């Protein structure tokens, strides 16, 4: 005779498994995927950084040298290609690989400096608004809403037309457009941090507002700021490429990925290499920044790590 009561614990444990043990493999897969995003994004960004630093040694030719005997040469692995020009040449016989390597310098310079400037300015206003609240918060929030009512692309074009061509002006225009992105997101985080016990304790101990913002609020908001910084790098690279494509970023004699695309569109019906490779460079670099930002968001935010456990 079968003892039905002995099978009861097994049935109970099986029924409760999906809420516990069966959920753990999915959480582990999620953590592995986020870890892959972090390391893949870091590898892509590091690769682009190394290409930019060592461009003079990696580039087989000067990016501005013209070889009219090898105009529109295909990549070396295609019929008619030349090993001296691994990725082919453009309509003026300039080496595509060399121009890609030197173009990464412009892209990374704009990305890092513009993202840093927008992050510092926007986060500073966000910390002040989120910490003090009241009329200070309402004033800064109204300014953010007013500034974000302008389309970012149109605002960038207006600023560049007003400021003139130059990499410094490109960086300034991106900072003036994208500081609101940092301000809005970081402000929401600061308003949460402001209610935590250690911040309230610091206020009860009559610490100065500056000390509380720098030593209590800023460290708590720093992981979010780092994540936004990596994501903003991708945005800055895209904006710089767009501005250089229409001739509002750097002079025509400076190698940039957007300039390469603008030059290649004239002869794209004869050779696609001059157009394809700078587009791929932009896509891969922006993808790397986005993957890095997503991975950092999980790695630096303890709340995200808790959800994955």
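The values are calculated or read from the model by the stated rules, or taken from the named source; none is laboratory data. Nothing here was measured: the structure is a model prediction, and the numbers come from that model. Virtual Cβ from ideal backbone geometry, glycine too; neighbours counted across all protein chains shown.
Brief remarks on what is shown
- The listed residue being surrounded by 22 or more Cβ atoms within 10 Å (Cβ to Cβ), over 15 Å from residue 250 (Cα atoms) and in contact with a helix residue (DSSP H, G or I) (Cβ under 7 Å, 6 or more places away or on another chain), out of 104, 123: 123
- Condition met for residue 163 (surrounded by fewer than 18 Cβ atoms within 10 Å (Cβ to Cβ) and under 24 Å from the mean Cα position of the chain (by Cα)): no
- Restricting the first member to region 49-60 and to residues that are at pLDDT below 95, and the second to residues that are surrounded by fewer than 13 Cβ atoms within 10 Å (Cβ to Cβ), the beta-carbon pairs closer than 9 Å and six or more apart or on different chains are 58/50.
- Annotation note: of 56, 75, 63, the sole residue that is assigned to a loop (DSSP other than H, G, I, E, B) and closer than 30 Å to residue 230 by Cα is 63.
- Single condition residue 89 does not satisfy, out of (1) in contact (Cβ under 8 Å) with a residue 40 or more places away in the chain; (2) out of contact with any strand residue (DSSP E or B) (no Cβ under 9 Å at 6 or more places or on another chain): (2)
- Summed over region 134-150, the residues that are surrounded by 11 or more Cβ atoms within 10 Å (Cβ to Cβ) and farther than 19 Å from residue 189 by Cα give a count of 3.
- Cβ pairs under 7 Å, 6+ apart, first in region 166-193 and crowded, with 24+ Cβ neighbours inside 10 Å, second assigned to a loop (DSSP other than H, G, I, E, B): 170/249
- Where helices (runs of 4 or more DSSP H) fall entirely within region 122-196, those with at least 1 residues that are within 17 Å of residue 220 (Cβ to Cβ) are at 167-193.
- Boolean, residue 110 is under 28 Å from residue 241 (Cβ atoms) and crowded, with 16+ Cβ neighbours inside 10 Å: yes
- Lone unmet requirement of (1) within 22 Å of residue 283 (Cα to Cα); (2) outside any helix (DSSP H, G or I); (3) in contact (Cβ under 8 Å) with a residue 60 or more places away in the chain for residue 103: (2)
- Verdict on residue 210 being modelled with pLDDT of 90 or more, part of a helix (DSSP H, G or I) and either surrounded by fewer than 14 Cβ atoms within 10 Å (Cβ to Cβ) or at negative phi (or both): yes
- Elements of type helices (runs of 4 or more DSSP H) in region 239-309, at least 3 residues being surrounded by fewer than 21 Cβ atoms within 10 Å (Cβ to Cβ), modelled with pLDDT under 90 and in contact with a helix residue (DSSP H, G or I) (Cβ under 6 Å, 6 or more places away or on another chain): 273-300
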